[in-house]
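S.K.: Have a look at this one.
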Amino acid sequence: MATYIVTGGTGFLGRHTIERLLERDPAGQVHVLVRPGSVAKLERMTSRWTGGDRVRALVGDLTEPDLGLEAPPPAADHVLHLGAIYDLTAGEEQASTNIDGTRAVIALAARLDATLHHVSSIAVAGDHRGRFTEDDFDLGQHFPTPYHRTKFEAERLVRTSDVRCRIYRPAAVVGSSVTGEMDKIDGPYYFFPALATLARLPSALPVAVPKLGYTNVVPVDFVAAATVELMLRPGLDGRTFHLVSPDPQPVRQIYAALAKAAHAPTPVADLPAVVARPLLAPPAQVRQVRDVTLRRMGIPPVMLSQLTLPTRFTSERTQEALRDSGISAPPFPSYAAKLWTYWREHLDPDRARRDDPAGPLVNRHVVITGASSGIGRATAIATAAKGATVLLLARRADELDDVVSRIRAAGGSAYAYPCDITDSEAVEHTVKAILAEHDHVDMLVNNAGRSIRRGLYRSTDRLHDFERTMAVNYFGAVRMVLALLPHMRERRFGHIVDISTAGVQARTPRFAAYVASKSALDAFADVAAAETLSDGITFTTIHMPLVQTPMIAPTGHYNMGIAASPEKAAAMVVRALVDKPKRIDVPTGTVAEFGAIFAPRLKDRALSELYHAFPDSPAARGEAGPEPEPTASTPSPAPRPTGPTAAAARFARHLGRLIPGTHW
């Protein structure tokens with residue numbers, strides 16, 4: 001029974017290698033060096049492995065003196081050193097892990113009289129041009145990145161030590177050739193988003209690819225299987241093994257295989273390398289612009305210079321050692337489709353933006369504030385009917401539960417979260433609960449609102465009217481946006497719908513507090529939309545007409561015009577969620593906005609007439625009266641308009657036929 005100590009066992013290559021080791025040595029005992037904070041992660045991994053009960057945590061730290069071991073290490077036959085920072089974009093800080101860590105592992109192997117299996121990299125070849133054999137090491141090469149240098153220095157430490165050792169140099173490691181699994185964006189994966197963009201073009205479109213040169217990539221399952229096989233074979237101490245593709249891999253071949261998998265245009269011809277040279281090695285004055293462009297595309301500039309290799313790696317001795325094992329590096333085209341599919345489903349930074357084939361709102365998580373009545377209630381029902389999971393916020397828990405019950409009875413998915421959006425702690429707690437229970441939020445509908453219809457002359461001693469209106473309509477909505485913004489940015493997708501009012505465009509008299517609060521929200525959304533657009537976060541502002549909801553009940557027939565139904569308003573919100581226009585306006589708002597631009601004085605006169613034609617309601621005057629009392633679920637019918645209101649209603653209907661409103 002052999003005993004193994006493994007560093008880097010919780011990493012991508014480490015996980016695959018340990019699984020293979022448990023399979024190849026059914027009696028082997030494996031001790032994995034992990035930091036204290038990673039013990040739970042290792043336990044979760046081993047619980048899924050066959051033979052995982054033979055894996056133990058060895059608590060320590062690769063960057064600490066003597067590996068920071070909390071307990072004496074067990075006697076071991078083999079030390080497999082996989083722990084390292086594998087990152088071409090990292091700086092000199094990786095030296096403590098890649099170099100000092102290797103020095104400590106060498107000391108451990110010497111103390112235990114164990115065979116050291118050091119996983120190095122083809123990066124040790126640096127910028128060497130031409131053939132690089134398994135016996136070659138220091139050929140006077142230079143190192144284009146700190147990563148190349150640290151891997152070279154780490155391998156030098158192993159080579160100059162007195163421990164029994166075997167050295168493995170894998171090429172660039174990509175996902176599994178069986179499942180496509182990969183754990184992070186690295187190497188060629190940085191270019192996958194650009195390929196996804198090309199995939200929007202017709203696949204039959206002929207393209208020419210610059211003849212850039214060759215690269216070398218291998219799947220993780222090949223590297224893991226070959227490493228374990230070579231570890232367990234006797235008589236190979238002191239050898240170095242190139243775990244590489246034995247056949248040249250032209251960049252064109254890599255692109256063609258991935259393009260076929262992505263249904264992107266495939267190459268039909270080569271372009272001379274000189275065509276791409278200005279991009280690969282631009283003059284200094286152009287490099288800065290190129291690098292900024294690449295970073296905006298998510299591509300570290302260093303990756304462009306590492307797109308091809310000047311070195312050809314021989315692997316005849318490795319192939320000979322593996323000849324009767326059935327282990328060999330598969331050709332890239334045979335597994336390119338698996339890599340692409342896994343990336344698209346699990347790693348594509350823009351995957352959250354893709355709609356479900358069953359419908360644009362199917363399986364979307366939509367947060368709706370003010371969802372217990374009126375527009376919010378109708379929107380929740382309509383959105384759930386389109387396949388979304390609706391997460392409903394309001395202060396009144398009993399009314400929220402009523403909405404949830406109705407949605408679920410119809411086969412929809414809904415969850416209630418009682419929350420006062422004017423309370424920062426309540427919003428923070430609610431958002432954390434939503435993310436913990438539902439993993440993510442795709443969309444937010446800022447619907448919760450407060451409306452006060454009262455003339456200024458009756459408001460001179462009521463500053464609190466303005467403060468409480470701003471607290472809900474502006475600060476409450478902003479509070480929700482700020483709470484969800486980091487999460488949406490991380491997922492590179494989010495859509496926010498703000499329920500504003502046509503009164504913002506018209507500057508409707510007697511609604512100073514309400515219009516001012518909604519105007520502030522409109523301005524905030526415009527600024528936020530510009531700052532977040534590159535992260536895939538978008539905003540829609542809906543300038544709603546008057547809607548028949550409990551909020552307008554106290555002023556009822558004192559309002560100008562006729563009220564739309566909550567269902568019609570909800571249809572506008574659903575359209576905003578599906579089509580994501582910049583704004584949705586209604587005809588009266590459009591006319592008012594143009595009037596403010598082209599005839600501002602005339603507009604003031606017209607609104608002054610309306611101000612006098614529609615007086616303050618008894619509620620605004622502080623008088624008790626038989627006001628309608630609608631419930632959240634059954635708004636009372638709007639009174640039949642008479643007098644000036646009837647004339648305004650007729651005007652609005654005619655205007656709607658002439659000017660359909662704007663939907664940008």
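The values are calculated or read from the model by the stated rules, or taken from the named source; none is laboratory data. Because the structure is a prediction, the values reported are computed rather than measured. All Cβ positions, even for glycine, are placed from backbone atoms using ideal geometry, and neighbour counts span all protein chains on display.
S.K.: Being in the same structural domain as ASP356 (by TED's automatic domain parsing), among the aliphatic types (A, V, I, L, M), buried (at least 20 other Cβ atoms within 10 Å of the Cβ) and within 24 Å of the chain's Cα centre (by Cα) narrows it down to one of LEU435, LEU391, LEU400, so name that one.
M.R.: Values: LEU435 fails: buried (at least 20 other Cβ atoms within 10 Å of the Cβ); LEU400 fails: within 24 Å of the chain's Cα centre (by Cα).
Step by step, each of LEU435, LEU391, LEU400 is checked, and only LEU391 is in the same structural domain as ASP356 (by TED's automatic domain parsing), among the aliphatic types (A, V, I, L, M), buried (at least 20 other Cβ atoms within 10 Å of the Cβ) and within 24 Å of the chain's Cα centre (by Cα).
S.K.: Identify, from the list VAL32, VAL39, VAL55, the residue that is under 20 Å from ASP100 (Cβ atoms), in the same structural domain as LEU112 (by TED's automatic domain parsing) and among the β-branched types (Val, Ile, Thr).
M.R.: Step by step, each of VAL32, VAL39, VAL55 is checked, and only VAL32 is under 20 Å from ASP100 (Cβ atoms), in the same structural domain as LEU112 (by TED's automatic domain parsing) and among the β-branched types (Val, Ile, Thr).
S.K.: Could you figure out which of (1) assigned by TED's automatic domain parsing to the domain that holds PHE241; (2) of a type outside the set (Asp, Glu); (3) surrounded by 15 or more Cβ atoms within 10 Å (Cβ to Cβ) isn't true of PRO267?
M.R.: (1)
S.K.: Follow-up. Tally time: how many residues in the range 211-235 are more than 30 Å from GLU320 (Cβ to Cβ) and in contact with a Pro (Cβ under 7 Å, 6 or more places away or on another chain)? Show your work before the answer.
M.R.: Within the range 211-235, the subset more than 30 Å from GLU320 (Cβ to Cβ) is 211-212.
Now narrow it down to the ones that are in contact with a Pro (Cβ under 7 Å, 6 or more places away or on another chain): 211.
Matching residues across the range 211-235 total 1.
S.K.: Can you find a residue that is of a type outside the set (Val, Ile, Thr), touching a residue at least 40 places away in the same chain (Cβ under 8 Å) and part of a loop (DSSP other than H, G, I, E, B) anywhere in the range 94-113?
M.R.: no
S.K.: Just name the residue that is nearest to TYR147 (Cα to Cα) out of those in the range 294-313 that are in contact with a Pro (Cβ under 8 Å, 6 or more places away or on another chain) and not aliphatic (A, V, I, L, M).
M.R.: Residue satisfying both the conditions and the ranking: GLN306.
S.K.: Applying the selection to the range 93-116, what residues are among the aliphatic types (A, V, I, L, M) and within 15 Å of PHE152 (Cβ to Cβ)?
M.R.: Hits for the range 93-116 are ALA95, ILE99.
S.K.: Out of the range 74-131, which residues are acidic (Asp, Glu) and at positive phi?
M.R.: The one that is acidic (Asp, Glu) and at positive phi: ASP113.
S.K.: Could you give every pair whose Cβ atoms fall below 9 Å, whose first residue belongs to the range 238-258 and is closer than 17 Å to ALA273 by Cα, and whose second residue is assigned to a loop (DSSP other than H, G, I, E, B) and among the acidic types (Asp, Glu), counting only separations of at least 6 or pairs across chains?
M.R.: Cβ pairs passing all conditions: none.
S.K.: Also: Can you tell me which residue among GLY494, GLY412, GLY455, GLY449 is over 16 Å from ALA529 (Cα atoms) and at pLDDT 95 or above?
M.R.: Within the list GLY494, GLY412, GLY455, GLY449, the selection yields GLY412.
S.K.: If I go through the range 1-60 residue by residue, how many of them are outside any strand (DSSP E or B) and polar (S, T, N, Q)?
M.R.: 6
S.K.: Checking ALA154 against (1) surrounded by fewer than 18 Cβ atoms within 10 Å (Cβ to Cβ); (2) in the same structural domain as SER328 (by TED's automatic domain parsing), which test does it fail?
M.R.: Evaluating ALA154 over (1) surrounded by fewer than 18 Cβ atoms within 10 Å (Cβ to Cβ); (2) in the same structural domain as SER328 (by TED's automatic domain parsing) leaves (1) as the failure.
S.K.: Which one of ILE299, ILE327 is in a loop (DSSP other than H, G, I, E, B), within 25 Å of the chain's Cα centre (by Cα) and crowded, with 16+ Cβ neighbours inside 10 Å?
M.R.: None of the other options fit; the residue is ILE299.
S.K.: Taking the condition of being assigned to a helix (DSSP H, G or I) and either of a type outside the set (A, V, I, L, M, F, W, C) or in the same structural domain as THR89 (by TED's automatic domain parsing) (or both), how many residues in the range 280-296 meet it?
M.R.: Let us first name the residues in the range 280-296 that are assigned to a helix (DSSP H, G or I), namely 280, 284-296.
Restricting the remaining residues to those that are either of a type outside the set (A, V, I, L, M, F, W, C) or in the same structural domain as THR89 (by TED's automatic domain parsing) (or both) gives 285, 287-288, 290-291, 293, 295-296.
So the answer is 8.
S.K.: Which of the residues belonging to the range 77-93 are in contact (Cβ under 8 Å) with a residue 40 or more places away in the chain and either more than 21 Å from VAL173 (Cα to Cα) or assigned to a helix (DSSP H, G or I) (or both)?
M.R.: Correct list: ASP77, HIS78, VAL79, GLU92.
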